[in-house]
Amino acid sequence: MLKDKVIQYVLWGSAATSILIVALIFIFLGKEAFSFISEPGIEKLFSSRWVPVSFTLEQFGLYPLITGSFLVTILATIIMIPFGVTGALYISEFASNTEREFLKPFIEILAGIPSVVIGFFGLLVLSPIVKSLFGLNTGLTAITGALLLALMAIPTVISISEDAIQSVPSSYKEASLALGASPLQTSFRVVVPAALPGIIAAIMLGMGRVVGETMVVLMVTGNTAKLTLSPFDSVRTMTATIAAEMGEVAFGSSHYAALFWVGIVLMLITFGLNVLAQQLLKKYQMR
Amino acid sequence: MPKKEKVITWVLRLITYSIVVIIGTILFNIVKNGLPVLSWEFLSQPPRRSGAEGGILPAIIGTIYLVSGAIIVAIPLGMATSIYLTEYASQDRFNRYVRLSIITLAGVPSIVFGLFGLGLFVIFFGFGASILSGSLTLAFMILPTIIVSSEEALRAVPLSLREGSLALGATRWQTIYKNVLPYALPGMFTGSILGVGRAAGETAPILLTAAAFFLPKLPTSIFDQVMALPYHLYILATQHPEVHKVLPKQYGTALVLVLLVLTFNLTAIFLRGHFRKKYKW
Amino acid sequence: MVNETIKLESKNLNFYYGETQALFNINLQIPKNRVTALIGPSGCGKSTFLRMYNRMNDIIPGTHHKGSILIDSDDIYLEKGSMDIVSLRKKVGMVFQKSNPFPKSIWENIAYGPKIHGIKDNTKLEAIVEKSLRGSALWEEVSDRLHQNAFGLSGGQQQRLCIARALAVEPEILLMDEPASALDPKSTTRIENLIRELRENYTIVIVTHNMQQAARISYYTAFFYEGKLIEFGETEKIFTKPDQQQTEDYITGRFG
């Protein structure tokens, strides 16, 4: 019985580690970002110019980075919704068994392709296409990043939406079919509305992935920190800013602390998206 | 089926398969351009002239070290957590906090893990940019994947096996060890492999905690910096002074990385199907 | 209840699933080496009550109880001396409604309990396996395939294997939760015959929804209704001239 108690405490300790890590993430982001509050002052974050390296005046306005992330995320979401939701609907409602056996692992493979490889492909193949298609000076734009990010988020959207669709009670479907509705009408009028909370959660989790993705945006969105909402402009996201600049800053400098602030904002956004999505999913599993 | 219905079904099919075509295009592009570069020399030699010549051996080794380190930390920790959550903790407050933490961790952007690893391991613990810092950072990143899939495997073992064992006077741990884990472990490992595949392909977390731009020597201790495949690809593709000259090396690196990650994923997908068939309760 | 030794006793026992009370103030004395049947409509608390005796309800989160249960006059919840939960469950074997063999060989299924309780010697284990299988009238059927997976057995055989598995740790009491409800009539008869043989050496408490079965195999019967013990007495009396109207209604099939 003593051995049992010891093992139980060890397991408890392992479980507690997850709580500890989350706490440490917040603590260490806060710790490194803290100095910025007094010098140069937290209000400096609320401006529209990010010029962290300058001989005259360093500026740490987060707005262009936030709009950069926002723009890319919204575009990617608009692109991933039709593909993700249609894919999930098709796989769970219309595909034959053989098709499903092939489609599901294939889409899982997509989820496994490293983001740096997707970015590499975007750089070499997609960005020249975007450039010539829209007659731009450069193919490294928000829309290029959004297309690739949508692709990366699609597996998440598909697998979670599919779970939601699968868990619609078959009695709903049967009732609709028995009333003479076609399979397609049943899908769109009964199944999709019933699965909607789960599908929305899936989209939110997909968005979470997009906001947090680093390598693709770093490689293909042009890395220009300017305030814009045009899909064809170069932008710089929060993630790319951290990745690109953290390697070159002096530890403890204002720039260093500002990058941790970027991390905090990023963390809060993804945390919010996740918690909301989980609430939706939970509501839905209660049924 | 009316004509309109048929058309709409075809549109759905078309959209779904367009995803497949895009994935296929990416893989084909990488394989077609990467395959000619693959050679024994490319895999077994260190890079020369900052990657313009030679191979990618240190990057392969570096990735293997980082991933192994992550496995050593994350798999025991993740499995132990999942055992606690499914077998011991009931619906108490601690359990709810652990779950909230896991959900939170699963959503933390990889670059934020990088920042965290930088702040905690590199600076606070003074491990510097090293295999140790990078492995620990990756370990915490893949922890949620391992916990969630291990839990799923544990829950698939029927309650009646636990009751049967407890009723014979087995303690809780004896029951878990002898009558739950043997049937859950294959599934637990399968899920873990997916997490490992993810760790091998990630760049952002190691960017700030472990990766070196150009380091032709192999590491000798866990406090050494290392090259890593994803980072090497990133550098060759965007930071190299002669980007176009090293294009074949880029494709070769991309192919090796994709092969490595896909091996993990396909193994996991295959094994999962296998075990699902084996244990149908 | 004249001249009987009391083996199991519950005193003022109340049991709760969270806020919901499932058992109400149950006082019951179960005699040694007899078969006692617990009957009643489904949801009446008879299975819950049975699971009190080996503290199986402990594993359900959010449950608690008031009152006490005694085995040979020792309180099973006191956790003192020879009455910790492991020794309790060693002393009180259980057979479940749905047979639950472990996905191991027949031999491993039987040896599981003894091994857990520290028997390592292989010859000893061999002897226990044979004795237990003989005890559950399964030996003749499986002696030539002891090392095959238990899932290969028929439903009735699986249930007798589970009984053998319970016997292997040499319990004094056997709890059976509708052990034959999932079986065909022939297998049910075998299980009933087995129970008749076992009652010589064991105190058996059996939950059943089958009144004929209770009448065939038990010496005493307790009737439960809505979490309360309505009546307890010799089976013959309960089935012929019960004291309570509710019992009579149930026996005669007016509800349940």
>> Can you report the number of residues in the range B:147-185 which are part of a helix (DSSP H, G or I), more than 7 Å from every other protein chain (Cβ to nearest Cβ) and of a type in the set (A, V, I, L, M, F, W, C)?
In response: 9
> Has the range B:127-140 got at least one residue that is closer than 18 Å to B:I83 by Cα, within 18 Å of the chain's Cα centre (by Cα) and open to solvent by 10 Å² or more (accessible area, probe 1.4 Å)?
Replying inline: yes
> How many residues are farther than 10 Å from C:G227 by Cα and out of contact with any Leu (no Cβ under 8 Å at 6 or more places or on another chain) when one looks only at the range C:17-39?
Replying inline: 12
> Out of the range A:242-261, which residues are in contact with a Leu (Cβ under 8 Å, 6 or more places away or on another chain) and within 9 Å of chain B (Cβ to nearest Cβ)?
Replying inline: A:I242, A:A243, A:M246, A:G247, A:L259, A:F260
> Can you name the residue in the range C:56-71 that is within 21 Å of C:M176 (Cβ to Cβ) and open to solvent by 20 Å² or more (accessible area, probe 1.4 Å) and, of all such residues, is farthest from the other protein chains (Cβ to nearest Cβ)?
Replying inline: C:L70
> Listed residues B:L229, B:L215, B:L166, B:L236; which is open to solvent by 30 Å² or more (accessible area, probe 1.4 Å), on the phi < 0 side of the Ramachandran plot and aliphatic (A, V, I, L, M)?
Replying inline: B:L215
> If we scan the range B:57-69, do we find a residue that is in contact (Cβ under 8 Å) with a residue 40 or more places away in the chain, within 13 Å of another protein chain (Cβ to nearest Cβ) and surrounded by fewer than 22 Cβ atoms within 10 Å (Cβ to Cβ)?
Replying inline: no
> For the range A:76-85, which residues satisfy the criterion of being crowded, with 22+ Cβ neighbours inside 10 Å and either away from chain B (no Cβ under 12 Å) or in contact with a Lys or Arg (Cβ under 8 Å, 6 or more places away or on another chain) (or both)?
Replying inline: A:A76
>> Whether any residue in the range B:60-80 is part of a helix (DSSP H, G or I), more than 18 Å from the chain's Cα centre (by Cα), at negative phi and at pLDDT 95 or above is what I want to check.
In response: yes
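Let's see how each residue does on (1) surrounded by fewer than 21 Cβ atoms within 10 Å (Cβ to Cβ); (2) modelled with pLDDT of 90 or more; (3) part of a helix (DSSP H, G or I); (4) away from chain A (no Cβ under 14 Å):
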residue: B:G187; (1), (2), (3), (4): no, no, yes, yes
residue: B:T190; (1), (2), (3), (4): no, no, yes, no
residue: B:L194; (1), (2), (3), (4): no, no, yes, no
residue: B:T209; (1), (2), (3), (4): no, yes, no, no
> Considering only helices (runs of 4 or more DSSP H) fully contained in the range A:189-287, which possess at least 2 residues that are of a type outside the set (A, V, I, L, M)?
Replying inline: A:192-212, A:238-245, A:254-286
> When residues of the range A:156-183 are filtered for being open to solvent by 10 Å² or more (accessible area, probe 1.4 Å), in a helix (DSSP H, G or I) and of a type in the set (A, V, I, L, M, F, W, C), how many remain?
Replying inline: 4
>> I need the full set of residues from the range B:1-55 which are closer than 21 Å to A:L148 by Cα, within 9 Å of another protein chain (Cβ to nearest Cβ), free of Cβ contacts under 8 Å to residues at least 60 places away in the same chain and of a type in the set (V, I, T), in order please.
In response: B:I15, B:T16, B:I19, B:V20, B:I22, B:I23, B:T25, B:I26
>> Filter the range A:207-242 down to the residues that are within 20 Å of A:Q59 (Cβ to Cβ) and open to solvent by 10 Å² or more (accessible area, probe 1.4 Å) and list them by number.
In response: A:G222, A:N223, A:T224, A:A225, A:K226, A:L227, A:T228, A:D233, A:S234, A:R236
> Residues of the range B:248-281 being part of a helix (DSSP H, G or I) and either closer than 23 Å to A:A243 by Cα or among the basic types (K, R) (or both), which ones?
Replying inline: B:K249, B:Q250, B:Y251, B:T253, B:A254, B:L257, B:V258, B:V261, B:R272, B:R276, B:K277, B:K278
> Within the range B:81-120, can you find the residues that are open to solvent by 30 Å² or more (accessible area, probe 1.4 Å), not in a helix (DSSP H, G or I) and not charged (D, E, K, R)?
Replying inline: B:S90, B:Q91
>> Anything in the range B:220-246 that is in contact (Cβ under 8 Å) with a residue 60 or more places away in the chain and assigned to a helix (DSSP H, G or I)? List them, or say none.
In response: B:L229, B:P230, B:Y231, B:H232, B:I235, B:L236
> Which of the residues that make up the range A:94-112 are without any contact (Cβ under 8 Å) to a residue 24 or more places away in the chain and either in contact with a Pro (Cβ under 6 Å, 6 or more places away or on another chain) or within 18 Å of B:G34 (Cβ to Cβ) (or both)?
Replying inline: A:I109, A:G112
>> With the structure loaded, tell me whether A:A15 is open to solvent by less than 20 Å² (accessible area, probe 1.4 Å), more than 8 Å from chain B (Cβ to nearest Cβ) and assigned to a helix (DSSP H, G or I) or whether it fails that test.
In response: no
> Which one is most open to solvent (accessible area, probe 1.4 Å) among residues in the range B:248-261 that are aliphatic (A, V, I, L, M) and in contact (Cβ under 8 Å) with a residue 40 or more places away in the chain?
Replying inline: B:L260
> Given the structure, is A:E58 under 21 Å from B:F116 (Cβ atoms) and open to solvent by 20 Å² or more (accessible area, probe 1.4 Å)?
Replying inline: no
> Just one of the numbered conditions (1) under 28 Å from B:R96 (Cβ atoms); (2) within 32 Å of the chain's Cα centre (by Cα); (3) open to solvent by less than 100 Å² (accessible area, probe 1.4 Å) is not true of A:I7; which one?
Replying inline: (2)
> Looking at this structure, is B:R198 charged (D, E, K, R), open to solvent by 30 Å² or more (accessible area, probe 1.4 Å) and more than 18 Å from B:L271 (Cβ to Cβ)?
Replying inline: no
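The values are calculated or read from the model by the stated rules, or taken from the named source; none is laboratory data. Computed from a prediction, not measured in an experiment: that's the story for all the values here. Don't worry about glycine lacking a Cβ; one is built from the backbone with ideal geometry, like all the others, and counts go over all protein chains shown. Surface accessibility is based on the protein's heavy atoms, side chains included, excluding ligands, DNA and RNA. Shrake-Rupley method; radii C 1.70, N 1.55, O 1.52, S 1.80 Å.
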